[in-house]
Amino acid sequence: MRFTRSTASSQRVLSLSILGIAAALLMLAAQLVHSPAPAQAAPQPAESTAPAYVSPDDLGDETKPPKPTGTSWLVGDLDSGELHVAKNVEKRHAPASTIKLLTALALVDEFDDKKKKVTAEFEDMEIDGTKVGLMQTNKYSIDLLFHAMLMSSANDAANALGRAAGGQAKAVKLMNEKAAELGMSNTQAKNTSGLDAKGQYTTAEDLMKLAWAVCEDDYLMKVIGTETFKFPGGKNPQTKEKFKGYEIQNHTKIVGQVDGGLGLKNGFTRAAKGSYVAVAERDGHRVVATMLGIDNNSRQVAKDLLEWDFAQKDPKSLQTVPVGVQATAEADPTATESSSDAGGAESDSNGPMRTQDSDESGSSTAAQSVGVALENPLALGLLVGGVVLFVLTVVLWLRLRARMQGRR
């Protein structure tokens, strides 16, 4: 009799173990179903399927304009606002690092003394994406941070400037107020760096308005027009070792490489793709090219658009973007406050943006897993089945334990 009871108990324990293992396997299967491999997690079909941009053989007068592959772009007269080539200029899209122009314009007047030193913190160092190499506890001048942000597109410098201006929240508030002041009604900033964030967007048209305003600021244009700059050395706070300074370059590569190039800003993330703001001046005539969501060769496209526009003797005006005083007069101070995330960056409509430069905080991993599972029937079924088996295993185990204790 004891052998029979012992055998039955062992069988029950074995059955419970099998149920528990089955539950674990089902939940693991659910996780695998809705969590694709890294190579699939951030697909870039546009980059692989879009035809590579090739510069036209002839950019002379009355030739066809360059045709970028991407979301939106424009080229035209920066002072009059007349557009000569344009596509989807009011379409909202993630700005990538072109938003740093708005960061600079919004924060430049917050610092009367550009020689003032800012102590770098660990949060500057840990930010994603392109960095100039700020080292915590080391001190850097405001002027150096502006050079690093606008020349090298340094996200650590952008973060440090935001802190120095009163914190990231205040800096973003100043950016959105500046955008509203400039009539950039289709722009909303969420951070100082341009790293992808839900609800952060701009348009090719708004970037043109921003370009005009930046070009009116002598200090910013001096920084933007710098081709190389000496980044200082410092001391590693942990090892106490000293490190030498080094030279940083201008990533936009408009100044010095385009006749009359004034520069401005380039940008890229996997979600936003290529973005660009380029300005050149010849004989007192300023031309601007802005682009968003460009699949490839955005720098070459920007150069070609500028060259093509300068070559046109009598370009046709497609429409006029209000810039300068016109834009300010038409500005709606509540524009950025009333904008909703539903009309955010184009990439938002395709789900959460996960890029090599992304710092989007988002939801917790568990919440994301449940959310994705709800969109996948197979994953949801496996997950529910696993939970049911797990609960059943616990209930049966508790009953078996109660019986065994009762028999004692």
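The values are calculated or read from the model by the stated rules, or taken from the named source; none is laboratory data. These figures come from a predicted structure and were not determined experimentally. As a convention, Cβ positions derive from the backbone with ideal geometry for all residues, glycine included, and neighbour counts pool all protein chains shown. What goes into the accessible areas is simple: the full protein's heavy atoms, side chains included, and nothing from ligands, DNA or RNA. Shrake-Rupley method; radii C 1.70, N 1.55, O 1.52, S 1.80 Å.
Odds and ends about this structure:
- Accessible-area value, residue 253, 1.4 Å probe, nucleic acids and ligands omitted, Å²: 90 Å²
- Residue 105 accessible area, assembled protein chains, probe 1.4 Å, Å²: 20 Å²
- Accessible surface, per residue, of region 172-297 when the full set of protein chains is kept, probe 1.4 Å, Å²: 38 Å²
- Scoring 135-146, 151-162, 118-129 by mean Cβ neighbours within 10 Å over their residues and listing the highest first yields 151-162, 135-146, 118-129.
- Gain in span if fully extended, residue 399 to residue 119, counting 0.36 nm per residue against the direct Cα distance: 94.5 nm
- Cleavage-rule hits (GluC sites (Glu not before Pro)) in region 139-240: DSSP loop, at most 15 neighbouring Cβ within 10 angstrom: 216, 227
- Judged by the ratio a/c of the largest to the smallest principal axis of the C-alpha gyration tensor, region 140-247 counts as prolate, that ratio being 1.5 or greater while a/b is larger than b/c.
- Carbon and sulfur %, accessible surface of region 193-297 computed with the full protein complex present, 1.4 Å: 44 percent
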